[in-house]
Amino acid sequence: MTAFAESGAPGAALSISTDASSGLGQVVDVQKYNRSIHVLAMLLVGFGFLMVFVRRYGRSALTATYLLVSVSIPVYYLLGGIGAFEVPEIEIDRLILAEFGAASLLICAGAVLGRLKMSQYIVLAILFMPCYMINEWLLTGGGLLPRGGFVDTGGSILIHAFGALFGLGVAMTMTTKKELTAPIESDDTSDRFSMVGSMVLWLFWPSFCAALVAPELVPYTAVNVVLSLCGATIATYFATVFFRGRKISIADMANATLAGGVAIGSTCDHATHTGAFVIGVLAGVLSVFGFAVVQSRLEQKVKAIDTCGVMNLHGWPGLGGGIAAVFLVGGISSGTELAGIGITIAVALIAGYVTGKILSIFGRRIEPYVDSEEFVLE
Amino acid sequence: MTAFAESGAPGAALSISTDASSGLGQVVDVQKYNRSIHVLAMLLVGFGFLMVFVRRYGRSALTATYLLVSVSIPVYYLLGGIGAFEVPEIEIDRLILAEFGAASLLICAGAVLGRLKMSQYIVLAILFMPCYMINEWLLTGGGLLPRGGFVDTGGSILIHAFGALFGLGVAMTMTTKKELTAPIESDDTSDRFSMVGSMVLWLFWPSFCAALVAPELVPYTAVNVVLSLCGATIATYFATVFFRGRKISIADMANATLAGGVAIGSTCDHATHTGAFVIGVLAGVLSVFGFAVVQSRLEQKVKAIDTCGVMNLHGWPGLGGGIAAVFLVGGISSGTELAGIGITIAVALIAGYVTGKILSIFGRRIEPYVDSEEFVLE
Amino acid sequence: MTAFAESGAPGAALSISTDASSGLGQVVDVQKYNRSIHVLAMLLVGFGFLMVFVRRYGRSALTATYLLVSVSIPVYYLLGGIGAFEVPEIEIDRLILAEFGAASLLICAGAVLGRLKMSQYIVLAILFMPCYMINEWLLTGGGLLPRGGFVDTGGSILIHAFGALFGLGVAMTMTTKKELTAPIESDDTSDRFSMVGSMVLWLFWPSFCAALVAPELVPYTAVNVVLSLCGATIATYFATVFFRGRKISIADMANATLAGGVAIGSTCDHATHTGAFVIGVLAGVLSVFGFAVVQSRLEQKVKAIDTCGVMNLHGWPGLGGGIAAVFLVGGISSGTELAGIGITIAVALIAGYVTGKILSIFGRRIEPYVDSEEFVLE
């Protein structure tokens, strides 16, 4: 049943020659460029300010964001020059894939935010990127799975779940006893800054998912992403009121609203509009449930603090979105899809755990979640 | 006389085939998609943060913005599936029209901001959208006026005036005695957040007006909108100093600067550059006059508080812009134009009044303009 | 040696007919329009909020930004109608060049921020624009240098160095004894707002540099700008820790990170990716050195306070970027390039100094760096 008025998924769309030597192909590349700028907005203002919710750690969160992005993109380019790692020939496609890597890294960093020294964020970026690129190669570059077999257009698995699980792995090694009980506080102003980040992520998310999609599929994909985000936002409101004792948690509103974007990633260009909305609703509920119920239990269980709750926003909804692809995308190999998910879980957790061990060598902060330890404050 | 150097309004421009099955048509749709993202930025960050000026109501204003957008867009799609409401077949055009509806709703909500419970914003969205769509159908869908007769490219009447008048209607039913005297306070930080919203609205306004304009008219339209906004901004400064006793009101600077965008809507693709600048100047003065002089008198008269002063930003300048079209657009039927304005005033005020009555059934807040009533605050 | 994997600078790219009467040409113009919106975002939210770091002067900085942009753009159009000043016929190109002028003006204003009355910012804009346009005409319009001879795609010299030196000139006349010792204070919240501005500038910088670049060169240029900004950001971190006694200055992180964008301007479409990264690193170090070491000495020397440190962000890195072009761009005339730099230094300093004298006629503020002198504050 199609609840929403749909003009139908674009089927036999005439494909545009994206040959860069044709005028039309060059114009199409400039359109991708434009979406790459939208993704940059998500990386810096989006992820950056979403993390400013920690009230005494704003300068650090934003500086860390700057460094994580500025290290990861050149590292992606550098490694792309080495035989083992395959990056696309097309200039703009490579930039977008580098930005995807940076997004995954920022998600990962959210898990340990406030508990690394600034220099350790740089080391994290250097260690994370090759692992991310290996996983990318295993799943979509012909490393383990057949090329073109693993469907994940908007990166539910490759970007979101990978980043969150890698972060969980790092947090499992790095979390100190002191940190297990240290409060993570927000205030009026930090909450509003956090909403700047949330809204910037929300509104540019269609460009994230459609970044590399063919022109004829961009509008359809965008509408799916918007409807999924709408679904998640509505669901977040009802879920937060339900799980938080009839009051709204602004942290839920800033985060779980975005779960629709995370979950629709794998199926953004295939789902029906109604399907997209439903995926969003489910992702929103799942994410609030994660923040309100699962997080504290998981943290006690694995003795790891997940500062930003990236497992709730990117982990569970990402995995859910990847699994949804098995059911929603026609002609997909469920074996390939599930294998890709399994590989990602394994690579991310193990690589994250090892990375955490290495990071520990570089020492520890004295006090978590404060700018004053590393910044000149008049 | 043409004061500004103009390359001339594009006349016999070669029209692009926007047939979605052609390569060029697909590229043109992706360009519209891009403007739809700009409009999303206005809806969330723009309107959202402009409303954060109420200092203890920031979390609520942003959550309400998220919900209003996330309910109205799917409702537009849902109703579009029902025979009575006509929505375009073209995927991206429909998204943009849905966003226009969301913009009008956000304007409406600004009138009663801080005085609805969160759940009432959701009900407001559900009740507002069909009324908005009926008015759209009456004026441009062949409902009452001849198709193509009513000129309102950037929505001065259909979006801005409709939303403001609907909001006034709601406020007329809903405003309690207590609210008539309750202060609406801002502070240093809420003022700066409000300017984030204002500037985001200002800079993306050209994309709002040109969202559905043909490619060959986009640059000309954009320049008109920019010049109108420049005119309004300059005028706002002089008017605020004049009306506020030689000091500047930051609320005027955040709001009346945008009146140029509101007023140029109807004529954005037809006015000369000089005409656009003049419209902006007049709109800016009118808007500051509204905020500084008219608002308090109107509020006493109709016993209704207009929290954000939407009548001053969207109401009067919108109506003025619609009337300007009668004089500035060649070949226009002034009868059709004025009829459209009259219908909009009637539909919006009546529908708003009835909607306010229905909303009252769902109860009232205890205290206006505070987050604490509905949010978990540590 | 090419460190980064490069697909190579686009050489014999097929050029697109940008004839506005062709469908493809119109689409290319809409793409430029889109970059013009990105530049608007930099002007308002970018420069505007970067200047909000002065904690009690936020409303003023944002209002000044609004006015500077809104006066300079129409003035550019107005003067463009007078024979002496040449502006392009193409609608969208003219808008972008007007925005470039506004950018240069905002840089200039940063030097005297907090020490002009609001009305003096308007006078500054009116006096600045013809000087800017004369310099533009001397260097690229055939006024003194041969047309097409002076290479400065992204405006290192024409926009950044000119604005900074003009501002220095103004500051040299305007700075009072009291201002030489008055503290310029920031706080937690003003620092975070400043980072909003910084990040918005960073992420849209590729569109600034590529605004008028041919479609086939846009992706290559964008990657160069991104890599240069990444280089500057990494360098800023190490330099700030080095020069600030092992702690990070958030002002350095907000400003010097952008020096990569300033410095790559002249060579953005010519440098190799590795070259772009190196230029960014050097610019970042130079800029932090300017903020941490040079600024206080220069201020004592010329008895002029540079409020935002525009010489460190736009002055030195701009000049450095212009000089880099001599070495990096093939087929360039080093004589022409150096002459252009020399002319810019002379015109900017002299015109700035004279402008400062004229501004002084309009009186002085009582207290620098406070909103309260000119704003209604409840």
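Data overview
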{"read-out": "Selection within the range C:207-221 - facing another protein chain (nearest Cβ under 7 Å) and under 17 Å from the mean Cα position of the chain (by Cα)", "value": "C:Ser207"}
{"read-out": "Exclusive hit being in contact with a Gly (Cβ under 9 Å, 6 or more places away or on another chain) and closer than 26 Å to A:Arg35 by Cα, set A:Ile126, A:Ile107", "value": "A:Ile107"}
{"read-out": "Conditions (1) within 30 Å of C:Gln120 (Cα to Cα); (2) part of a helix (DSSP H, G or I); number of the one not met by C:Gly363", "value": "(2)"}
{"read-out": "Boolean, B:Thr181 is polar (S, T, N, Q), at pLDDT below 95 and open to solvent by 10 Å² or more (accessible area, probe 1.4 Å)", "value": "yes"}
{"read-out": "Residues within the range A:355-378 that are among the aliphatic types (A, V, I, L, M) and in contact (Cβ under 8 Å) with a residue 60 or more places away in the chain, tallied", "value": "3"}
{"read-out": "Of the criteria (1) within 10 Å of chain B (Cβ to nearest Cβ); (2) touching a Lys or Arg at 6+ places or on another chain (Cβ under 7 Å), which one C:Arg115 fails", "value": "(1)"}
{"read-out": "Subset of the range A:245-259 (residues that are more than 7 Å from chain B (Cβ to nearest Cβ) and of a type outside the set (Gly, Ala, Ser))", "value": "A:Arg246, A:Asp252, A:Asn255, A:Leu258"}
{"read-out": "Subset tally (residues that are more than 7 Å from every other protein chain (Cβ to nearest Cβ) and either closer than 20 Å to A:Leu43 by Cα or under 18 Å from the mean Cα position of the chain (by Cα) (or both)) for the range C:230-244", "value": "4"}
{"read-out": "Residues within the range B:260-271 that are over 20 Å from B:Pro215 (Cβ atoms) and away from chain C (no Cβ under 14 Å), tallied", "value": "3"}
{"read-out": "Residue in the range A:347-356 that is in a loop (DSSP other than H, G, I, E, B), closer than 21 Å to A:Ala61 by Cα and of a type in the set (Ser, Thr, Tyr) present", "value": "no"}
{"read-out": "Residue that is farthest from B:Glu374 (Cα to Cα) [pool: residues in the range B:26-57 that are assigned to a helix (DSSP H, G or I) and among the charged types (D, E, K, R)]", "value": "B:Asp29"}
{"read-out": "Test: residue in the range C:150-158 that is touching a residue at least 24 places away in the same chain (Cβ under 8 Å) and farther than 20 Å from C:Asp269 by Cβ", "value": "no"}
{"read-out": "Residue in the range B:318-328 that is aromatic (Phe, Trp, Tyr), more than 29 Å from B:Glu179 (Cα to Cα), out of contact with any strand residue (DSSP E or B) (no Cβ under 7 Å at 6 or more places or on another chain) and open to solvent by 20 Å² or more (accessible area, probe 1.4 Å) present", "value": "yes"}
{"read-out": "Residue check for C:Phe53: on the phi < 0 side of the Ramachandran plot, more than 9 Å from chain B (Cβ to nearest Cβ) and of a type outside the set (Ser, Thr, Tyr)", "value": "yes"}
{"read-out": "Filter result (over 25 Å from C:Ala222 (Cα atoms) and more than 14 Å from every other protein chain (Cβ to nearest Cβ)) within the range A:83-112", "value": "A:Cys108, A:Ala109, A:Gly110, A:Ala111, A:Val112"}
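The values are calculated or read from the model by the stated rules, or taken from the named source; none is laboratory data. Computed from a predicted structure; not experimentally measured. Because the Cβ atoms are built from the backbone with ideal geometry, glycine has one as well, and the counts that use them run over all protein chains shown. With ligands, DNA and RNA removed, areas are computed over all heavy atoms of the protein, side chains included. Shrake-Rupley method; radii C 1.70, N 1.55, O 1.52, S 1.80 Å.
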